[in-house]
Amino acid sequence: MFTGIVEDLGTVLELAPSDDAARLIVQTGIGVDGVPIGGSIAVNGCCLTVVERGTDWFVADVMAETLAKTSLGDAEAGTRVNIERAVRAGDRLDGHIVQGHVDGTGRLVGRQPSTHWEVITIEVPRPLLRYLAPKGSVAVDGVSLTVVEVDDQEATLTISLIPETLGRTTLGIRAPGERVNLEVDVIAKYVERMLVIDRG
């Protein structure tokens, strides 16, 4: 489990494809030597398993399904990625519950800079709109964010980004047209599931 509080902007060193998967090598400034082999780490919001590591790099195997359904399929050497180690019992939960299970990809369609913040607009797959609500939580490329507005007709959501988020995550460098990973609030999915069962 993760919290959506990005710890580092890592850099993809290599994404080497094979028949049905790829080997991802990422350089990072956080202490991945403390992450056990077989431990979890989030890369742009995707929960991956560490299979090799050094003091400032790690390797993860990425399945074809993940490459096809997340923005990791667009990665190449030099791509910057958000890194977060799995939360430990007793850690502060400063963001929200993020599983690292991407629900779909959106597309950045607008950036509106202001003096002290920036508003971004993301096109969202319509099946995910029902899980989004103003002032609710959403993870975008693994970043825990608060939804400002949801436009059901245009199938978009808007988010305000403070300088800290712009400077410490990939959301500060994403360009319009690029794909971003979306994970909706897991609580909303459980509520929907319970309502479906109750209605028989």
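Where a number appears in this text, it was derived from the coordinates with a stated rule and is not lab data. No experiment lies behind these values; they were computed from the predicted model shown. Please note: Cβ atoms are built from the backbone with ideal geometry, for glycine as well, and neighbour counts cover all protein chains shown.
Using a 10 Å cut-off on Cβ atoms, rank the peptides 170-179, 139-148, 79-88, 185-194 from the highest mean neighbour count down. Write down the numbers at each step before the final one.
Working: 170-179: 15.3, 139-148: 23.8, 79-88: 19.7, 185-194: 13.6.
Per-residue mean Cβ counts within 10 Å order the peptides as 139-148, 79-88, 170-179, 185-194.
Ordered by the number of other Cβ atoms lying within 10 Å of each residue's own Cβ, fewest first, Leu72, Leu15, Leu166 fall into the sequence Leu166, Leu15, Leu72. Considering only Gly142, Pro163, Ile97, and ranking their Cα positions along the charge dipole of the stretch 61-200 that arises from unit charges at the beta-carbon of Lys, Arg, Asp and Glu, the one farthest toward the positive end is Ile97.
Eigenvalues of the Cα gyration tensor times 5, then square-rooted: what semi-axes does that give for the stretch 8-85, in whole angstrom, largest first?
Working: eigenvalues 66, 34, 24 Å².
One finds semi-axes of 18, 13, 11 Å for the stretch 8-85.
Got the relative contact order for the chain handy, in percent, Cα pairs under 8 Å and 6 or more residues apart?
Values: 474 pairs, mean separation 47.1, N = 200.
Relative CO of the chain lands at 24 percent.
Short-range pairs are left out: with C-alpha atoms under 8 Å and at least six residues apart, the relative contact order of the stretch 89-129 is 33 percent. Roughly how tilted is helix 186-198, in degrees to the nearest 10 and between 0 and 90, from the longest Cα axis of the chain? For helix 186-198, the angle is close to 50 degrees.
Roughly how many debye, to the nearest 20, is the charge dipole of the chain about its Cα centre, given +1 on each Lys and Arg Cβ, -1 on each Asp and Glu Cβ, and no other charges? Intermediate results must be reported in sequence, preceding the final value.
Working: 18 positive and 29 negative charges, 71 e Å.
With only Lys, Arg, Asp and Glu charged at Cβ, the dipole is about 340 debye.
Note on the stretch 136-200 and the stretch 41-82: Cα centroid distance 20 Å, given to the nearest whole angstrom.
As a test of the definition: which semi-axes, in Å, follow for the stretch 30-189 when you take the square root of five times each eigenvalue of its alpha carbon gyration tensor? Largest first, please. All intermediate terms of the calculation are to be shown ahead of the outcome.
Working: eigenvalues 135, 55, 54 Å².
Working through the eigenvalues yields semi-axes of 26, 17, 16 Å.
Mean-square fluctuations from a GNM of the chain, with a 10 angstrom spring cutoff on Cα atoms, peak among Asp152, Asp61, Asp91 at Asp91.
Note on Met63 and Val35: the model spin-label points, each 7 Å out from Cα along the C-beta direction, lie 1.9 nm apart. Residue by residue, the stretch 148-165 carries 3J(HN,Hα) couplings of 8, 8, 10, 10, 5, 6, 8, 6, 9, 10, 10, 9, 9, 10, 7, x, 4, 5 Hz when phi is fed to the Karplus relation 6.51 cos²θ - 1.76 cosθ + 1.60 (θ = phi - 60°); x denotes Gly or Pro. A simple spin-label model places the labels of Leu93 and Arg168 2.0 nm from each other, with each point 7 Å out along Cα-to-Cβ.
Using Cα pairs closer than 8 Å and at least 6 residues apart in sequence, work out the relative contact order for the stretch 1-52, in percent. If you can, show how the numbers build up before the last one.
Values: 55 pairs, mean separation 13.5, N = 52.
Relative CO of the stretch 1-52 lands at 26 percent.
Per the Debye formula on identical point scatterers at the alpha carbon atoms of the stretch 104-198, with no solvent, log10 I(q)/I(0) at q = 0.23 Å⁻¹ is -1.22.
Please compute the length gained on full extension between Glu52 and Asp19, using 0.36 nm multiplied by the number of residues separating them and subtracting their Cα-Cα distance. If you can, show how the numbers build up before the last one.
On the way: separation 33, 0.36 × 33 = 11.88 nm, distance 2.03 nm.
Fully extending the segment from Glu52 to Asp19 adds 9.9 nm.
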